[in-house]
Amino acid sequence: MPLGALVLILLSAAAHATWNYLYKLTPEKALFSWSFCALASLLFLPLGLGVLVTVGLPWPGPVYLAGTMLLHALYFAFLGRAYAQGDLSLTYPVARGTGVLLTPLLGALFLGESVSPVAVLGIATIVGGLLVVHGVVRPAKVLAALRAPGARAALATGLVIAGYSVWDKQGVGVVSPLLYNYAVFLAQALAAAPVALRRRSALRALWRRHWPAIGAAAVLSPLAYLLVLVAMTVARVSYVAPAREIGIVFGTALGVVLLREPAGRLRLLGAALITLGVVILALAP
């Protein structure tokens, strides 16, 4: 993997972990997510229009923008269903692990990307780290996770993650990453608006108490995905998508240091495996 892409992924992971830390501090998580997506859509509207006017939107750019907006709306719908139906400690690793495993396959199938044996080792190490972080370490527990309520929605989430990763890799070859990133957050804001706006009193209370966190997330979350999109322009999506999981390591560090969460042997081991997997990917041809 090119060094520049690795640096972008690490910066993205730091931004992603930071806004997720703010997310953990808020009581109304669904409203918080919609709030920062909506605010980001407003804050970056002038930039999006400026890029559209100055750079333009060549064909088939509109198709890619419509596709990524649909895929990200599906992602949030499936993820919300998975969390509502199942245990977070099981549905999250199923969703993320499925996405990490399927992205290289779809990259090879639709983009003609090759994955070296070294990269396969790195990807497998990252998936192993994901399972260990969440305590899914025995084969019986893996099977239990796949049979648990919400598992089908989690698997669908992973499929969508792989789908939008491969789709976005192609899209940023046609559309400016700045405009592309704006479309992603606009889609999220529009998709969740009907639900969020039905809870206006709770939404007002959230803004009164947590507006600094909402504002910070509205900047950090778009920045995190923008850096990933730029990394996709110089590196294979088969490597970029799995390497993004290094964000779990940053999140673990923030949780332990700032939230005084227990580290635990499995959590530290999983973080170490994910880090090792990213290092292996960085060295992969």
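The values are calculated or read from the model by the stated rules, or taken from the named source; none is laboratory data. These numbers were taken from a predicted model, which means no experiment stands behind them. In this analysis, Cβ positions are derived from the backbone assuming ideal geometry, glycine residues included, and neighbour counts consider all displayed protein chains. Surface areas here come from the heavy atoms of the whole protein model, side chains and all, with no ligands, DNA or RNA. Shrake-Rupley method; radii C 1.70, N 1.55, O 1.52, S 1.80 Å.
Descriptive notes on the structure:
- Selection status of LEU65, within 22 Å of LYS169 (Cα to Cα) and surrounded by fewer than 21 Cβ atoms within 10 Å (Cβ to Cβ): no
- Across the range 127-154, the qualifying residues are those that are modelled with pLDDT of 70 or more and over 24 Å from GLY264 (Cα atoms), and the one among them that is surrounded by the fewest Cβ atoms within 10 Å (Cβ to Cβ) is ARG147.
- Test: residue in the range 6-13 that is free of Cβ contacts under 8 Å to residues at least 40 places away in the same chain and assigned to a helix (DSSP H, G or I): yes
- Residue ID - farthest from the chain's Cα centre (by Cα), chosen from residues in the range 221-234 that are open to solvent by 10 Å² or more (accessible area, probe 1.4 Å) and among the hydrophobic types (A, V, I, L, M, F, W, C): VAL234
- Filter result for LEU43 (at pLDDT 90 or above, open to solvent by 70 Å² or more (accessible area, probe 1.4 Å) and within 23 Å of LEU220 (Cβ to Cβ)): yes
- Helices (runs of 4 or more DSSP H) (entirely within the range 177-272) containing at least 2 residues that are within 15 Å of TRP34 (Cα to Cα), in contact with a His (Cβ under 7 Å, 6 or more places away or on another chain) and hydrophobic (A, V, I, L, M, F, W, C): 177-196
- Residue satisfying condition, being out of contact with any Gly (no Cβ under 8 Å at 6 or more places or on another chain) and not charged (D, E, K, R), within set ALA218, ALA271, ALA241: ALA218
- Any chance GLY128 is under 28 Å from LEU283 (Cβ atoms), out of contact with any His (no Cβ under 8 Å at 6 or more places or on another chain) and either free of Cβ contacts under 8 Å to residues at least 60 places away in the same chain or assigned to a loop (DSSP other than H, G, I, E, B) (or both): no
- No other residue among ALA243, ALA205, ALA218 is buried (at least 21 other Cβ atoms within 10 Å of the Cβ) and farther than 20 Å from ALA162 by Cβ apart from ALA218.
- Meets criteria (surrounded by fewer than 22 Cβ atoms within 10 Å (Cβ to Cβ), in contact (Cβ under 8 Å) with a residue 40 or more places away in the chain and under 30 Å from PRO285 (Cβ atoms)) for TYR21: no
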